[in-house]
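Undergrad: Mind looking over this structure? Questions follow.
Where a number appears in this text, it was derived from the coordinates with a stated rule and is not lab data. Just so we're clear, the structure is a prediction, and the values are computed from it rather than from any experiment. No Cβ is skipped: glycine too gets one built from the backbone with ideal geometry, and neighbour counts run over all protein chains shown.
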Amino acid sequence: MPGTDTSAARRFGWLPLHRLGRPATGAAVAWVPLAAIICGLFTGALVSRAAWETSRPQPDRAEAGAVLATVFPGHSLGEIDTPPALFVVYGHALRLTTVKTLVLGDGGEYQESATSAAALGAPPVPTEQIVAVARQRLTGAGWQVYDPQVTEGTTCADKTCATPRAITDTTLLARRGDTILNASVSSQTAVDAPYLSVELHRAPPPLVVPTGVLGTLLGAVAGWWVFGWASRRTEGRRRRGTVNVLAGVAVVLWWLPVLLAAPQLLRHHLGEPHPAWHPFWEWLGQPAASLLFLVGALCVLLALGLAAGARRDARSAAPVG
């Protein structure tokens, strides 16, 4: 490039614009694109989580009570429980004390909260009638009602289970605006177990999808530049092998949860109705696999640190004069 001081560019480790982010040869040709893509996905998940903060709070007792009275008249649903935050871990808001829970295997418990209520004992009328009335009332109130999902099972009247009894559980889903209703109706007759459980929660706000897509694109471009720079900075130097190994380990640790979680969630979505898709980060296996993510992030930081020091070491080792 005319006018470019190539000696200064070499001295400070700069690259011409057309080589910015371009990976070096060898193993970097494989790991740089994979690292860039997964960085884009992680960035998209992060900004989509931030966009969730534009959601309305979960339904309060007044809103939930009005819905329950309309959809399930004559059922004593007891006290309505409201959540402490939009997303919870084991029903509690995320705090520093719950970080250990996320990292050490229970990250999958980080879920959107819901306002809930339940009716205990045996159903006063057949479960089919409860579901039929609820669907009729939901449709009349302007809800979009999905086909009920029925599962069959057995229950025991005593500890020996000498006379097992067949029961059915029916899941009813409906959506109106940004509010989703999830009801479970069971034919069980135990006094201390619910025959009717209802949850109300918010659908993803409109900003979640566009911000997630934009964050993914920008994160992938940034990852391509950064990792391409790291691979070229160590090209032909002693640290190249170490950087490639660290980056390769990070790529494996970051991609493995995605390859396991994404197909399972896809089958789950195709197998039953969903008024809203699962959050972006769950498709990446996060935060269930947050420990793998953190270890991979540490490997990346070490690799970038080695790359940043490569030219400095080379200058200090060069003969003076």
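Undergrad: For the chain, what's the relative contact order in percent, using C-alpha pairs closer than 8 Å and at least 6 residues apart?
TA: Across the chain, relative contact order equals 26 percent.
Undergrad: Tell me, how many Å apart are the Cα centres for the stretch 23-80 and for the stretch 222-296?
TA: Here the answer is 18 Å between Cα centres.
Undergrad: Give the shape of the stretch 167-237 as rounded, prolate or oblate, defined through the alpha-carbon gyration tensor: a ≥ b ≥ c are the square roots of its eigenvalues, a/c under 1.5 means rounded, and otherwise the shape is prolate if a/b is larger than b/c and oblate if not.
TA: In terms of gyration-tensor shape, prolate.
Undergrad: Right, next: Work out the FRET efficiency for Leu265 and Ser76 from their Cβ-Cβ distance, taking R0 = 30 Å, and round it to the nearest 0.05.
TA: So the FRET efficiency works out to roughly 0.25.
Undergrad: How tilted is helix 127-140 with respect to the longest principal axis of the chain? Cα atoms for both, answer in degrees (0 to 90, nearest 10).
TA: The angle comes out at about 70 degrees.
Undergrad: Moving on to the next point. Is the stretch 93-161 best put as rounded, prolate or oblate by its Cα gyration tensor, with a ≥ b ≥ c the root eigenvalues, rounded for a/c under 1.5, and otherwise prolate when a/b is larger than b/c, oblate when not?
TA: oblate
Undergrad: Please turn the phi angles of the stretch 88-102 into ³J(HN,Hα) values with the Karplus equation 6.51 cos²θ - 1.76 cosθ + 1.60 (θ = phi - 60°), one per residue in order, whole Hz, x for glycine and proline.
TA: 9, 10, 6, x, 10, 5, 5, 9, 4, 6, 9, 4, 4, 4, 5
Undergrad: Just to check I understand the Karplus step: with θ = phi - 60° and J = 6.51 cos²θ - 1.76 cosθ + 1.60, what whole-Hz values come out for the stretch 49-57, glycine and proline as x?
TA: For the stretch 49-57, the Karplus curve yields 5, 5, 5, 4, 5, 7, 5, 5, x Hz.
Undergrad: For Ala85 and Arg176, calculate 0.36 nm times their separation in residues minus their Cα-Cα distance, and state this gained length in nm to one decimal.
TA: Extra length available between Ala85 and Arg176 comes to 30.6 nm.
Undergrad: Moving on. Would you kindly enumerate the cysteines in the chain that have no other Cys beta-carbon under 4.7 Å from their beta-carbon?
TA: Cys39, Cys299
Undergrad: Quick one: longest stretch of the chain between exposed loop trypsin sites (Lys or Arg not before Pro), exposed meaning at most 11 other C-beta atoms within 10 Å and loop per DSSP?
TA: Counting at most 11 other Cβ atoms within 10 Å as exposed, the longest clean stretch of the chain is 1-94.
Undergrad: Which peptide among 35-45, 104-114 comes first, and what is the full order, when sorted by highest mean count of other Cβ atoms within 10 Å?
TA: Per-residue Cβ counts within 10 Å, averaged per peptide and sorted highest first, yield 35-45, 104-114.
Undergrad: Also: In nm, what is the difference between 0.36 nm times the number of residues separating Asp147 and Glu272 and their Cα-Cα distance?
TA: 44.1 nm
Undergrad: Students often get this wrong, so try it: which of (i) 23.2; (ii) 47.3; (iii) 18.7 is mean projected area of the Cα convex hull in nm² as calculated from the structure shown?
TA: Looking at mean projected area of the Cα convex hull in nm² for this model, the match is (i).
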